[in-house]
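S.K.: Structure below; questions to follow.
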Amino acid sequence: MKSKILSVLAPLACLFVVSCVNDIIPEPEITPEMTVSETSFIFDGEEGEAEFVVKTNSSWKASCDVSWITLSPSSGDAGSTNVKVSVSALDEAGSRTGKITVTCENIVKTIEVTQSVTPEMTVSENSFIFDGEEGEAEFVVKTNSSWKASCDVSWITLSPSSGDAGSTNV
């Protein structure tokens, strides 16, 4: 009796396994796609923020090549994600650049970031009148970069004759 049951169940079990194997369909391979809404940002010298959007059908990561740029978030999953870009203040006149790299599998997008400060300077006095006697006068130089002062006559001396960003009494 046991052999009759086994002889009936064995072919059914094989049929069941074969039919289940045929039902397993591998998931199609997803081709990664990604767009990034910006290609560059320009900031003035102040601390600042901007935003770009990453749209992708897979997970992604973003990084910066400089420490004065931060990103939030710096990674995400499929969908649309707003990424906040923050830059720290640039304290002296001049400019600096950095690069944000966004990667989704084999797709790489870059965003160039530039921050610049235009040199500015004010001098508290633009003229002095002396009565023919030896004397001293003082003025203040305020600037966001280093500076130098000179005089075109030998009887006037300046001290100091140069300085760094900030406010200096001369």
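The values are calculated or read from the model by the stated rules, or taken from the named source; none is laboratory data. Owing to the predicted nature of the structure, the values given are computational and were not obtained by experimental measurement. We place every Cβ from the backbone using ideal geometry, glycine too, and count neighbours over all the protein chains shown. Surface areas here come from the heavy atoms of the whole protein model, side chains and all, with no ligands, DNA or RNA. Shrake-Rupley method; radii C 1.70, N 1.55, O 1.52, S 1.80 Å.
S.K.: Here are some residues: Thr56, Thr81, Thr103. Which one is out of contact with any Pro (no Cβ under 8 Å at 6 or more places or on another chain) and either closer than 24 Å to Ser145 by Cα or modelled with pLDDT of 90 or more (or both)?
M.R.: It is Thr103.
S.K.: Taking the stretch 119-170 on its own, how many of its residues are small (Gly, Ala, Ser) and either closer than 22 Å to Ala93 by Cα or not in a loop (DSSP other than H, G, I, E, B) (or both)? Walk me through it before giving the result.
M.R.: Of all residues in the stretch 119-170, those small (Gly, Ala, Ser) come to 124, 127, 132, 135, 137, 145-146, 149-150, 154, 159, 161-163, 165-167.
From what's left, either closer than 22 Å to Ala93 by Cα or not in a loop (DSSP other than H, G, I, E, B) (or both): 124, 145-146, 149-150, 161-163, 165-167.
The qualifying residues number 11.
S.K.: So, one more: Among residues belonging to the stretch 128-149 that are farther than 22 Å from Gly45 by Cα and touching a residue at least 12 places away in the same chain (Cβ under 8 Å), point out the one that is most open to solvent (accessible area, probe 1.4 Å). Full working, then the answer.
M.R.: So in the stretch 128-149, the residues farther than 22 Å from Gly45 by Cα come out as 128-140, 148-149.
Next cut, touching a residue at least 12 places away in the same chain (Cβ under 8 Å) only: 137-140, 148-149.
On the way: Ala137: 48, Glu138: 116, Phe139: 35, Val140: 36, Lys148: 184, Ala149: 34 Å².
That would be Lys148.
S.K.: Where in the stretch 30-110 are there strands (runs of 3 or more DSSP E), lying fully within it, with 2 or more residues that are open to solvent by 40 Å² or more (accessible area, probe 1.4 Å) and without any contact (Cβ under 8 Å) to a residue 60 or more places away in the chain?
M.R.: Details: elements: 34-36, 40-43, 48-56, 60-64, 69-72, 79-87, 94-104.
Hits in the stretch 30-110: 48-56, 60-64, 69-72, 79-87, 94-104.
S.K.: Further question: Among the residues of the stretch 111-127, count how many are open to solvent by less than 40 Å² (accessible area, probe 1.4 Å) and at pLDDT below 95.
M.R.: As a first pass, look at the stretch 111-127 and keep what is open to solvent by less than 40 Å² (accessible area, probe 1.4 Å): 111, 113, 115, 117.
Subset that is at pLDDT below 95: 117.
Total meeting the criteria: 1.
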